[in-house]
Amino acid sequence: MSNATQVLAAFREMIANKNLSREELHDLIRDGIMAALARRFGPNVEAEILIDEDRGDIQITVLKEVVLEVEDPSRQISLEEARWDDPEFEPGDVLEIPVDFSEFGRNAVMAAKQRIIQRVREGERQRIREEYAHKIGELLSGEVQQVERGKIVVMLNKTREAEAIIPWKEQNPRERFRQGEPIRAVLKRVEETSKGPRLILSRADPMFVAALFKLEVPEIYQGIVEIKGIAREVGGRTKVAVYSRDESIDPVGACVGLKGSRVQAVVSELGGERIDIVPWHPDPEIFARRALAPAKVAKVISDSARRVITAIVDEDQLSLAIGRNGQNVRLASQLLGWQIDLYGSREWLERGADEALFGGGEPEYEVADFPLRELDLPLSTLAALESAGYTTFLDIIDLEREDLLRIPGLTAEDADEVLRLIEQLTVEEAGAEPSEEAGPSDAELAEAREVAAEILGLPNPGAQSGAAPEGNADREDAES
């Protein structure tokens with residue numbers, strides 16, 4: 001077997017697991033041979049390399065330009081030296097020098113090998129970058145290669161040469177893996193290192209839960225059901241908000257599956273982590289009620305400017321709404337993206353809140369504002385008030401007589417008229433005030449005593465007290 005045949009066989013064996021085509025293999029061999037030729041002839045050497053893999057033959061021809069004066073020996077040859085081979089050479093011609101592969105020394109062969117290995121690695125790294133750059137958030141599977149210093153080194157099933165790890169902070173603390181065990185994780189990011197790209201996987205990121213649901217729920221994979229948000233505390237609990245683009249499909253039911261089969265598959269992969277699936281809603285108040293499930297919320301008040309939700313629950317629902325160590329309300333806040341202030345009904349009432357929220361207390365009434373020009377005031381008075389900055393009724397409702405007298409253009413009579421109108425519009429008339437219920441009269445009390453005595457079979461209390469009913473008195477008068 002010739003040296004060329006041995007080299008081709010060695011190269012084929014070396015790249016057997018690199019998934020390279022024959023053309024890529026030949027390009028690598030040419031590149032390696034050029035590196036060996038550069039060691040022998042110079043850095044700018046030019047050559048033709050023909051590879052016949054079927055015959056196991058490599059033909060190498062170095063090309064040199066014939067010149068009168070040599071400036072670069074690696075690619076030029078003098079006219080005098082060229083005419084030693086052929087007297088008919090002229091400047092500008094190209095001299096072909098055949099090179100036998102066996103002429104390469106050990107150093108040249110090693111240079112070719114190193115160059116080929118380098119090219120193979122560069123090709124692998126580039127393919128890994130191109131393949132995984134757009135797969136962030138996708139589920140990858142492989143097996144545990146080793147566990148070292150807290151991180152898990154994973155050998156991916158699809159790209160075994162890729163460097164993939166699961167750092168300690170991206171792991172579920174309740175899980176333990178051993179070498180050789182199958183493992184699934186989500187691709188979180190691709191890092192560049194001195195040794196090439198490194199794939200950072202995660203089993204703790206919310207994307208991992210989303211990827212598992214996409215795998216188990218066809219409606220999510222097809223885009224009919226959308227995951228709007230995920231809030232997760234690794235190893236404890238996860239809340240998932242889902243939304244259906246098709247009104248005929250229940251998003252929660254699709255994720256739960258028949259008899260809970262789909263969600264149970266996700267729970268099993270997460271090591272028993274509890275999952276709450278809630279329907280998403282664009283209204284933050286409605287969404288907050290759903291996010292706090294399984295607790296029932298009595299009242300929700302939203303502050304859009306501060307992005308704060310105030311949720312009030314009955315006392316028997318308070319511990320359920322808070323969750324273990326505040327987990328439920330914390331996850332609901334993360335899922336909503338708003339701060340949630342949670343109150344029990346008793347605490348809310350003690351803070352002076354509106355009792356009508358729970359069916360008690362008097363309703364509050366607000367005074368509607370309106371322009372001052374709707375009041376029956378002289379034009380001069382209206383002009384003076386407006387020039388002082390008072391344009392609506394609520395602007396003047398709290399003014400005292402002294403405040404009005406300080407306004408330029410207002411007389412004492414004008415101030416009194418304004419105060420009269422304010423009092424007329426804000427103080428209810430005496431007839432409108434709720435009056436105290438009058439107690440029963442003496443006659444009504446006496447009649448009630450008689451009825452009670454008759455029912456209980458007791459002596460007439462009116463006779464014992466010496467009071468005669470009106471009917472008995474009439475009969476005595478008639479007898480007399």
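The values are calculated or read from the model by the stated rules, or taken from the named source; none is laboratory data. Quick caveat: nothing in here was measured; it's all calculated off a predicted structure. Reconstructed Cβ throughout: ideal geometry from the backbone, glycine too, with neighbour counts over all protein chains shown. Calculation scope for accessible area: heavy atoms of the full protein, side chains included, ligands and nucleic acids excluded. Shrake-Rupley method; radii C 1.70, N 1.55, O 1.52, S 1.80 Å.
Candidates in the stretch 371-388 are the residues that are over 13 Å from residue 422 (Cβ atoms) and among the hydrophobic types (A, V, I, L, M, F, W, C); of these, the one that is most open to solvent (accessible area, probe 1.4 Å) is 379.
If you check residue 152 against the conditions, is it crowded, with 19+ Cβ neighbours inside 10 Å, among the β-branched types (Val, Ile, Thr) and more than 22 Å from residue 121 (Cα to Cα)?
Details: crowded, with 19+ Cβ neighbours inside 10 Å: yes; among the β-branched types (Val, Ile, Thr): yes; more than 22 Å from residue 121 (Cα to Cα): yes.
Here the answer is yes, as residue 152 does meet what is asked.
Only residues that are of a type in the set (A, V, I, L, M, F, W, C) and either open to solvent by 20 Å² or more (accessible area, probe 1.4 Å) or touching a Gly at 6+ places or on another chain (Cβ under 8 Å) (or both): list them for the stretch 251-269, please.
From the stretch 251-269, those of a type in the set (A, V, I, L, M, F, W, C) are 252, 254-256, 258, 263, 265-267; that's our starting set.
Within the stretch 251-269, 252, 256, 258, 263, 265, 267 meet the criteria.
Among the residues of the stretch 324-334, those that are open to solvent by 20 Å² or more (accessible area, probe 1.4 Å) and not β-branched (Val, Ile, Thr) comprise 324, 325, 327, 330, 333, 334. From the residues in the stretch 122-180 that are charged (D, E, K, R) and in contact with a Pro (Cβ under 8 Å, 6 or more places away or on another chain), which one is nearest to residue 212 (Cα to Cα)? The selected residue is 143.
Residue 312 meets each of the listed conditions (1) over 20 Å from the mean Cα position of the chain (by Cα); (2) surrounded by 17 or more Cβ atoms within 10 Å (Cβ to Cβ); (3) within 19 Å of residue 226 (Cα to Cα) apart from (3). Beta carbons closer than 7 Å, at least 6 apart along the sequence or on distinct chains, pair a first residue in the stretch 155-175 that is aromatic (Phe, Trp, Tyr) with a second that is assigned to a strand (DSSP E or B) and surrounded by fewer than 18 Cβ atoms within 10 Å (Cβ to Cβ) for 168/151. Here 306, 289 are screened, and the one residue that is touching a residue at least 24 places away in the same chain (Cβ under 8 Å) and open to solvent by 50 Å² or more (accessible area, probe 1.4 Å) is 306.
Being among the hydroxyl-bearing types (Ser, Thr, Tyr), open to solvent by 50 Å² or more (accessible area, probe 1.4 Å) and more than 57 Å from the chain's Cα centre (by Cα) narrows it down to one of 391, 411, so name that one. Lay out the reasoning, then the answer.
Details: 391 fails: more than 57 Å from the chain's Cα centre (by Cα).
Among 391, 411, only 411 is among the hydroxyl-bearing types (Ser, Thr, Tyr), open to solvent by 50 Å² or more (accessible area, probe 1.4 Å) and more than 57 Å from the chain's Cα centre (by Cα).
In the stretch 67-95, the residues that are more than 21 Å from residue 37 (Cβ to Cβ) reach residues that are buried (at least 16 other Cβ atoms within 10 Å of the Cβ) and of a type in the set (Asp, Glu) with C-beta atoms within less than 8 angstrom, at least six apart or across chains, in these pairs: 92/65. If we keep just the residues of the stretch 157-183 that are surrounded by 14 or more Cβ atoms within 10 Å (Cβ to Cβ) and acidic (Asp, Glu), which is modelled with the highest pLDDT? Going through the qualifying residues, I end up with 170. The residues of the stretch 94-122 that are open to solvent by less than 60 Å² (accessible area, probe 1.4 Å) and either at pLDDT 80 or above or part of a loop (DSSP other than H, G, I, E, B) (or both), listed by number, are 95, 97, 99, 104, 105.
Within the stretch 368-411, the set of residues being among the small types (Gly, Ala, Ser) and in contact with a Gly (Cβ under 8 Å, 6 or more places away or on another chain) comprises 380, 383, 384, 387.
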